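The values are calculated or read from the model by the stated rules, or taken from the named source; none is laboratory data. These figures come from a predicted structure and were not determined experimentally. Using ideal geometry, Cβ is built from the backbone for each residue, glycine included, and neighbour counts are taken over all protein chains shown.
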Amino acid sequence: MAIIILLIPLALIFLGIALWALFWAVNRGQFEDLDHQAWRVVFEDRDDD
Amino acid sequence: MTMACAHCGETAASPLYVGNDEERLPACCPGCAGAMALVHELGLDNYYRLRTSNAGRADQSGDADRARGLALFQVPELLAEHERATVDGERRLTLSLSGLTCAACCWLIEKAAADIPGVRSVGTDLAAMELTLVYHRADTPAAVAERLWRLGYGVTLPGDPRGRARRRREERRLLGRLALAGIGAMQAMMYSAALYIGVFEGSERVYLWLFRWVGLLVATPVVFYAGWPFFQGAWRGLRARRPGMDVPVALALLLAWAGSLVNMALGGSHVYFDSAAMFVFFLLLSRWLEQRQRHRIGAAWQQLKDALPLVVRRCHADQEQWVASRQVRTGDQLRLCQGDVVAVDAVILEGRGQVAEAAVTGEPLPQPRAPGDAIQAGSRLVEGTLRVQAAGAVDDSLVARIADQVARARGERLPVLRDWHRIAPLFTVAVVLLAAITLMMHWTSGPAHAFEHALAVLVVTCPCALALAVPLSVSGGLGAALRHGILVASPSQLLAVNGLRGVLFDKTGTLTSGRFHLTGHQRLTAIDELDDEALLAIAAALERHHPHPLARAFDSRPFDPSVEAVEVLHQGARGRRHGVFWRIGPDPAIEHGESLFPGSSQLLLFEGTRPRLRLWLRDSTRPEALAVTRALRLQGWRLRLASGDGAEPVATLAGELKLDAWRARQTPEQKGLWLDRLTAAEGPQMMVGDGINDAPALLAASVSVATAEASGLAQRAAGLYLLKPGLGPLAVLPGLARRCRRGIHQNLAWALAYNLLAVPLAVAGLVPPWAAALGMSASSLIVTFNASRIARWQSSSS
């Protein structure tokens with residue numbers, strides 16, 4: 001059980017990183033155009049042929 | 001030979017060919033051909049392989065069109081309002097795009113704009129139809145706009161940039177709060193689950209403490225950052241002495257958080273961090289859904305307001321200059337070219353022309369105007385060149401005032417919602433009183449217990465489900481309507497569809513499209529080397545590029561390629577074929593009405609001065625009109641037709657569509673009166689119309705629908721309007737309204753039943769707070785889910 005003392009703070013650190021990444025993404029408008037960005041990777045691939 | 005245009009997919013009656021020797025592709029018009037050639041030149045042919053839907057027709061090749069479309073980039077002060085400086089000393093500009101059809105368009109635009117000198121980066125947003133440009137040369141925006149124009153996309157400045165930026169900030173903040181609440185609530189729930197299950201009974205107390213502290217750590221930002229809007233709302237309500245539903249919410253949040261802290265300090269048995277976090281998450285979820293809906297409708301309204309041009313040609317001492325329309329003052333002289341939309345009410349000083357007032361009055365055929373005549377803002381100069389004097393500023397015009405009134409009408413609230421706002425303060429007081437009574441009732445069994453029960457009452461009675469039942473269902477209905485092509489300006493009218501007894505239609509522009517087609521032709525000379533088809537092809541060649549609505553009847557017909565040097569005349573057009581002049585135009589000798597085809601307009605084709613062919617053209621009945629009227633009749637509604645047109649065409653149309661009754665030569669007042677009488681005799685009526693002459697009837701009707709091409713005044717008077725040309729969406733309206741009503745009833749019944757059941761139990765002290773939070777969340781969730789089912793509603797007929 002003692003391992004929990006280490007694991008829970010570790011989980012909290014990961015939670016903090018995840019939240020930071022999420023806010024970073026929201027503030028850069030990553031959730032605003034979900035249709036077009038999903039296709040982008042397809043276009044760039046074909047571009048190289 | 002007829003084939004599909006390789007760019008836009010429309011039928012190309014006489015295709016132009018683009019491409020190299022290996023591959024030659026057909027195009028329907030010079031615009032599309034130019035766009036295809038440019039795509040090829042830029043090495044972006046992949047666009048045609050990647051796109052999932054055809055491009056819009058790039059029919060914008062005329063020099064005048066291009067000059068007008070790009071004119072706003074000639075006015076630096078207009079651009080300056082929209083530009084922002086970036087940290088690197090460059091400039092950022094957001095532009096509105098039109099003509100985007102799929103994600104491949106975004107790719108094409110980004111690639112095509114990227115190598116223009118001065119462009120640092122280009123980003124497109126398909127959902128918002130926007131282009132964000134970062135650049136460092138003053139002439140870059142104009143160059144980008146020019147290239148996109150050639151590709152067939154329209155580029156303009158977005159209206160209301162500050163409002164848009166504010167909406168975007170609000171959206172992002174709420175999304176961030178929602179995400180934090182969601183993640184935090186799940187974490188808090190995870191740690192509490194361990195406490196509830198009793199994993200730590202018998203083990204060391206240090207673990208119990210650890211889990212509680214972690215719960216506090218996770219829940220605190222959720223309550224105070226994500227839940228901040230509720231505290232703000234409660235404080236605002238209290239200060240204004242109008243406590244809304246935010247007050248019990250904030251109270252419950254504060255009590256749950258502070259109470260848990262006190263319990264932790266005093267060594268009490270329970271903490272409620274998870275309940276508080278969950279509570280915030282579900283409330284934010286519904287708020288977020290509502291905000292998205294509101295902003296989407298707001299964007300659709302915005303397009304309406306952008307009907308007037310942003311720039312005009314102002315003449316000053318023989319000099320002509322593009323200026324922002326807002327700078328026009330009474331008395332300024334402006335020049336209007338063919339195709340221009342008038343930005344201000346004005347009087348003609350010089351020149352003659354045909355003016356289409358369809359946007360203002362609903363009259364489909366352009367009217368001739370001469371010096372001294374007034375023209376209204378929003379009308380379009382179909383043919384000719386005019387010099388006019390402004391009779392007022394942009395904001396003084398009828399169209400601008402309508403736009404303003406439309407904006408104000410947006411603030412109108414649902415009657416059901418208004419009732420709720422009146423009840424909310426009473427409800428709040430009752431809930432707080434109930435909690436206080438509970439606290440006193442259970443005081444004898446110890447303060448900790450009493451506090452727990454009072455908290456359960458607050459949480460359980462949280463009015464979310466009850467408060468959300470109606471607005472969420474309605475907003476779900478509005479979403480479903482939007483997907484089916486109906487914009488709902490007045491939600492109560494959507495619900496009123498359920499009680500309708502009949503429908504009154506307007507004719508021109510509503511049941512008919514306002515687009516003309518050939519109904520017949522007659523040779524005026526004996527048989528010679530030119531047969532009927534050859535004569536029609538000559539007429540089509542002359543009319544092909546004519547801006548008059550009658551000329552559109554020839555668009556899809558084969559034309560004679562040997563006709564050259566076609567010029568647009570004041571009335572009609574003229575061209576040369578094998579050295580002989582041919583002319584087409586109205587026949588001045590023949591009076592309207594005494595023709596073979598009643599209700600049709602006539603044109604004459606001349607070879608030199610000799611009349612060769614007479615043509616009749618008629619406004620076409622919309623192809624879907626029959627199916628739609630049949631669907632509406634199945635509802636048991638009586639269908640009627642009221643038109644300002646003559647008896648003959650009105651009777652013909654009513655017979656075609658098997659309508660119950662019709663009236664011709666109706667003035668706007670008569671239409672309104674007839675509707676009033678029908679309402680008194682039969683019950684609620686729906687009015688469907690498009691013109692200014694339908695406005696009185698639209699205002700008198702219980703449900704009013706304006707078509708997509710309707711004039712501004714008709715749209716203002718209407719409660720619902722169709723977003724796409726055609727009547728198709730009308731057929732789904734009854735089913736949608738029924739679904740919406742059923743959703744509201746289900747939600748209200750559920751929320752009421754839940755509260756009636758849970759409150760007595762909570763007051764009696766039989767509901768622990770965690771169960772109360774679970775029940776409250778579940779009831780809100782069910783209401784939200786049920787409303788989202790309405791939003792996903794699909795018409796079985798489509």
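Being free of Cβ contacts under 8 Å to residues at least 24 places away in the same chain and either of a type in the set (Phe, Trp, Tyr) or in contact with a helix residue (DSSP H, G or I) (Cβ under 6 Å, 6 or more places away or on another chain) (or both) narrows it down to one of B:Ala680, B:Ala717, so name that one. Before you say what the answer is, go through the steps one by one.
Numbers: B:Ala680 fails: either of a type in the set (Phe, Trp, Tyr) or in contact with a helix residue (DSSP H, G or I) (Cβ under 6 Å, 6 or more places away or on another chain) (or both).
On inspection, the qualifying residue turns out to be B:Ala717.
Does B:Pro734 satisfy the criteria of being over 18 Å from the mean Cα position of the chain (by Cα) and under 26 Å from B:Leu472 (Cα atoms)?
Numbers: over 18 Å from the mean Cα position of the chain (by Cα): yes; under 26 Å from B:Leu472 (Cα atoms): yes.
Taking the combined requirement at face value, the residue satisfies it.
B:Trp662 - would you say it is outside any strand (DSSP E or B), crowded, with 19+ Cβ neighbours inside 10 Å and among the aromatic types (Phe, Trp, Tyr)?
Details: outside any strand (DSSP E or B): no; crowded, with 19+ Cβ neighbours inside 10 Å: yes; among the aromatic types (Phe, Trp, Tyr): yes.
For B:Trp662, the condition - outside any strand (DSSP E or B), crowded, with 19+ Cβ neighbours inside 10 Å and among the aromatic types (Phe, Trp, Tyr) - is not met.
Identify, by number, the condition in (1) buried (at least 16 other Cβ atoms within 10 Å of the Cβ); (2) of a type in the set (A, V, I, L, M); (3) more than 38 Å from the chain's Cα centre (by Cα) that B:Leu511 doesn't meet.
(3)
When you look at B:Val705, is it touching a strand residue (DSSP E or B) at 6+ places or on another chain (Cβ under 6 Å), surrounded by 19 or more Cβ atoms within 10 Å (Cβ to Cβ) and not charged (D, E, K, R), yes or no?
Taking the combined requirement at face value, the residue satisfies it.
Matching residues to (1) without any contact (Cβ under 8 Å) to a residue 60 or more places away in the chain; (2) surrounded by fewer than 18 Cβ atoms within 10 Å (Cβ to Cβ); (3) outside any strand (DSSP E or B); (4) not acidic (Asp, Glu):
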| site | (1), (2), (3), (4) |
| --- | --- |
| B:Thr94 | no, no, no, yes |
| B:Trp107 | no, no, yes, yes |
| B:Ile116 | yes, no, yes, yes |
| B:Pro141 | no, no, yes, yes |
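Give the residue that is nearest to the chain's Cα centre (by Cα), with candidates limited to residues of region B:621-652 that are over 17 Å from B:Pro729 (Cβ atoms) and polar (S, T, N, Q).
Among them, the one singled out is B:Thr621.
Can you pull out the residues in region B:109-118 that are closer than 22 Å to A:Gln30 by Cβ and either within 14 Å of chain A (Cβ to nearest Cβ) or of a type in the set (S, T, N, Q) (or both)? Please lay out each step first, then the result.
Of all residues in region B:109-118, those closer than 22 Å to A:Gln30 by Cβ come to B:109-111, B:113-114.
Within region B:109-118, B:Ile109, B:Glu110, B:Lys111, B:Ala114 qualify.
Give just the number: which of (1) over 30 Å from B:Ala791 (Cβ atoms); (2) in contact with an Asp or Glu (Cβ under 7 Å, 6 or more places away or on another chain) does B:Glu709 not satisfy?
Here B:Glu709 clears every test but (1).
Looking for whichever is modelled with pLDDT of 80 or more and β-branched (Val, Ile, Thr) here; the options are B:Val311, B:Val360. Which one fits? Don't jump to the end; show me each part of the working.
Numbers: B:Val360 fails: modelled with pLDDT of 80 or more.
That would be B:Val311, the only listed residue that is modelled with pLDDT of 80 or more and β-branched (Val, Ile, Thr).
To keep it simple, each residue is scored yes or no on (1) on the phi > 0 side of the Ramachandran plot; (2) within 14 Å of chain A (Cβ to nearest Cβ); (3) modelled with pLDDT of 80 or more.
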| position | (1), (2), (3) |
| --- | --- |
| B:Ala85 | no, no, yes |
| B:Leu93 | no, no, yes |
| B:Gly99 | yes, no, no |
| B:Cys106 | no, yes, yes |
| B:Arg120 | no, no, yes |
| B:Asp125 | no, yes, no |
| B:Met129 | yes, yes, no |
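Taking the conditions exactly as written (part of a helix (DSSP H, G or I) and either surrounded by fewer than 17 Cβ atoms within 10 Å (Cβ to Cβ) or aliphatic (A, V, I, L, M) (or both)), does B:Leu766 satisfy them or not?
Working: part of a helix (DSSP H, G or I): no; either surrounded by fewer than 17 Cβ atoms within 10 Å (Cβ to Cβ) or aliphatic (A, V, I, L, M) (or both): yes.
So B:Leu766 fails the test.
For B:Trp793, only one of the following conditions fails: (1) within 30 Å of B:Thr508 (Cβ to Cβ); (2) not in a helix (DSSP H, G or I). What is its number?
The failed condition is (1).
Identify, by number, the condition in (1) surrounded by fewer than 16 Cβ atoms within 10 Å (Cβ to Cβ); (2) part of a strand (DSSP E or B); (3) away from every other protein chain (no Cβ under 14 Å) that B:Leu133 doesn't meet.
The single condition B:Leu133 does not satisfy is (1).
Name every residue in region B:551-571 that is assigned to a strand (DSSP E or B), more than 18 Å from B:Leu530 (Cα to Cα) and in contact (Cβ under 8 Å) with a residue 12 or more places away in the chain, in order of residue number.
Here is the first cut: in region B:551-571, the ones assigned to a strand (DSSP E or B) are B:563-568.
Then drop every residue that is not more than 18 Å from B:Leu530 (Cα to Cα), which leaves B:565-568.
Matches in region B:551-571: B:Val566, B:Val568.
Kindly indicate which of B:Ala481, B:Ala539, B:Ala456 is among the hydrophobic types (A, V, I, L, M, F, W, C), crowded, with 20+ Cβ neighbours inside 10 Å, at pLDDT 80 or above and over 35 Å from the mean Cα position of the chain (by Cα).
On the way: B:Ala481 fails: over 35 Å from the mean Cα position of the chain (by Cα); B:Ala456 fails: at pLDDT 80 or above.
Going through B:Ala481, B:Ala539, B:Ala456 in turn, the sole match is B:Ala539.
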